[in-house]
1. Over region B:345-447, what portion of Cα pair distances is larger than 17 Å, expressed as a whole percent?
2. Can you list, shortest first in nanometers, how far residue B:112 lies from the same residue in the other copies, with each label 7 Å from Cα toward Cβ?
3. Which percentage, to the nearest 5, of the DSSP beta bridges contained in region A:109-257 is antiparallel?
4. Of B:379, B:419, B:431, whose Cα points farthest to the positive end of the dipole of region B:329-455 (charges on the beta-carbon: +1 Lys, Arg; -1 Asp, Glu; origin at the Cα centre)?
5. Every other copy gets compared here: list the nm distances from the residue B:57 label point (7 Å along Cα to Cβ) to its counterparts, shortest first, one decimal.
6. Label-point separation (nm) for residue B:348 and residue A:111, each offset 7 Å from Cα along Cα-to-Cβ?
7. Please list the non-local residues whose amide H lies under 5 Å from the amide H of residue A:69, H modeled 1.01 Å from N, same-chain partners needing a gap of 5 or more.
8. How big is chain A along each principal axis, measuring the range of its Cα positions in Å and listing the largest first?
There are 2 protein chains.
Amino acid sequence: MDIRTQKTFEALFALEDIRETLRQRLPNVTGPEDESSILEGVSKVRKILDDIEAGTGTPQVRKIASNIDIRSREEMYINIQPIQAAGRLTPEARKALIAYGDGYSTCDACRKPFRLDKITSPPIAPFHEQLASFVNMDAARVIPGARRGFQAVASTLVEKGDSVIVSGLAHYTEFLAVEEAGGVVKEVPINEHNLVTPDATAEKIEAVKKETGKLPVLVMIDHFDYQYANEHDVKSIAKVAHQYDIPFLYNGAYTVGVMPVDGKEIGADFVVGSGHKSMASPAPSGVLATTSEWAPKIFRTTQMVGDVTKRKFGIKEVEMLGCTLMGSTLIGMMASFPTVKERVNHWEEEVKKSNYFIDGLLAIEGSKVLSEYKRKHTLSKVDTTNSFDIVAKSHKRKGFFLSDELSSRGIIGEFAGATRVWKLNTYGLSWEKIRYLLDTFQNIADKHEIKVNRG
Amino acid sequence: MDIRTQKTFEALFALEDIRETLRQRLPNVTGPEDESSILEGVSKVRKILDDIEAGTGTPQVRKIASNIDIRSREEMYINIQPIQAAGRLTPEARKALIAYGDGYSTCDACRKPFRLDKITSPPIAPFHEQLASFVNMDAARVIPGARRGFQAVASTLVEKGDSVIVSGLAHYTEFLAVEEAGGVVKEVPINEHNLVTPDATAEKIEAVKKETGKLPVLVMIDHFDYQYANEHDVKSIAKVAHQYDIPFLYNGAYTVGVMPVDGKEIGADFVVGSGHKSMASPAPSGVLATTSEWAPKIFRTTQMVGDVTKRKFGIKEVEMLGCTLMGSTLIGMMASFPTVKERVNHWEEEVKKSNYFIDGLLAIEGSKVLSEYKRKHTLSKVDTTNSFDIVAKSHKRKGFFLSDELSSRGIIGEFAGATRVWKLNTYGLSWEKIRYLLDTFQNIADKHEIKVNRG
């Protein structure tokens, strides 16, 4: 870790120690011991600031709670890790984590009817309305990860043995959500371009009907899949689903929070998004949005009555299990939300940068992109079997030579050791970083005598 | 907010802004603009430190992301809120939130077999082993809240129409988990001491068998209930359940993380704990632990096979939906764990403080404790209908007079406006704070001419 990054963490931690003294003292009373502890803390931070300013000093704190390293990947590297890019926090979310870290911090002003999405201070209730309108749906709830959204929908719609249509490129969490509900996934085969088409979906629905004597109960398709980040024609697929009166779940784990998503325009009955994947939010977080038609079913309130006490908890929603996402995870999501709402308007620029990088990678002879090209997303699957892997074959570090070369130049997040098929994500990198990233890959190619066709 | 607390937050936030500059720059290159931005940042923090030292200055930052207030309840007040006390973060957890806030921060070194609980860096895999042994069970998983543990167990064991035995004081999330799984809760009536007894449990099991022709499939009892925090004889109740061959779920939301819990000794088949309620952890977090007998069922891996692609995700656990608790929520939990492991050994001292306070409250004439007395927990339900509520009746602020009196003296977390039956939690308060708390209540009584029987 460079010393400035190290010292920035040390200063943050030293301030948390001062804060702890404030927490331990009696209210509004600072005794002599507290006073001297605060003054010591301040003087410690001052010294650290000297080091940040001058770029001097040696690391004083290496671990959190004795066995957890300080994580500095985002400060030290350009991170192209496929799933981390759009989950990186905004500074506002980081401040929210600082202020709202305590477990039930969201619950200070919880009043009747005692449900998370009704709390107005902090402004959780209006956030839920904004979330729904952000994806142009009627109602939304926050959830601990997109998978918990699939689960809530599957648990509501799927009876034992029911079929659910998913993509041949479906994420494993869709498999699990269906399995947990007692259903069976039926995959739509992908075509030669690695795309799920409306026609193939219709054929699959017919085939399932023929095979099982029953229509599938849900069609659940990823707008951009996790494998190639290819764009699938969700709007036409939703139309097909509706022709059979089957509800459509739009999996927006790779879209909600990075590009504009209009659930109504798509014809989605359910929109699921991931906070930690695409909404610059702490994990586990996400959103489940639906229409006013489906809201009473998915967000149905409990009907259970205690047989002895006659207790009812009528306001609590069964699939949400009551309150869903408390504390700093939610407040972090809320703190990033203004930035997230704005950034989706710059998606085309992000795609432009993605293509700029991919074009430059393709200029390295033998390199291929396995995702659809031109890219429509910042996540891409590439194949360097005939470029970097040739070097790896005769290199003593094997595939790790590329990781070594990249990390020594400040790039991280490719799958360490992989030089054949691997994925990367350029989301959120500035043009300056994109150019640096590309130059680095091309320079590594030069160094290892792979021809680069510079334009 | 007092100015020192305010300025401590401002310093933390200003350091996050410096950190953001480090994140935005090219790796290891600090251009002239970055340089001047860092130096400006440092000089800003220095001025804030002057204010912290001298206790001077005026607030410069009032909101996060324009509409979220800075939360300073733990710095400014003694917080007796019933569910927040044992979820307050340790300084280590707060540092973990700072370093690991980014969404998928836990996943940097995720390698085969690609499951959260197998990651060794940060040390997530050993943490899982320690968690299991902490509650003396064979296997454990982290989960996004205790309710997700009830859900996983209910979803595994409960078929449509099955009965599940719960306490007449069961938490609503147990109701919901059973309802979501298609089951029906059957309450054990509580006795005149507000306790669930083994005999009453046996009777209820017999009654359910008679009524439905089938034994209940699960007995799920809170060791300390959320209403009174009375201790229920879980060990004997587990024995009863086992006499009928029914598995027993120990709800440790109010115990795991504050007092020693020995799942095997209790005879629990499942132990569920709450991170944000009792383990000084960010929300939503928790633990589900089980025996080696039950682990293969509750943590069963997916059997689903893609019908077209033949894809299998064999390592992923169905009820966990794969990975459960990523990012800073988990790392915060891990960072607090050494403290949590240690603090359970001081439970008796916590109970002593609880009783000290309750005794002092009872000395205020007309006050009653509705929870079992002597207290065995730090959460208590009290009744001040014949003390503070008498004042409230003729006070222009009604019940809020008490909140006003308390908050002006630095105490917060009682249910604002409530002067009849309300709950409080003294967990984690130092003796100094406990004495201050008690003196404050008695002084308020004095002021309003309620007699106090001082010893």
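1. 48
2. 6.0
3. In region A:109-257, approximately 10 percent of DSSP beta bridges are antiparallel ones.
4. B:419
5. 1.7
6. 4.4
7. A:64
8. Cα extents, longest axis first: 73, 72, 35 Å.
The values are calculated or read from the model by the stated rules, or taken from the named source; none is laboratory data. Just so it is clear, the model here is predicted, and its values are computed rather than measured. FYI the Cβ positions are ideal-geometry reconstructions off the backbone, even for glycines, and counts take in every protein chain you see. With ligands, DNA and RNA removed, areas are computed over all heavy atoms of the protein, side chains included. Shrake-Rupley method; radii C 1.70, N 1.55, O 1.52, S 1.80 Å.
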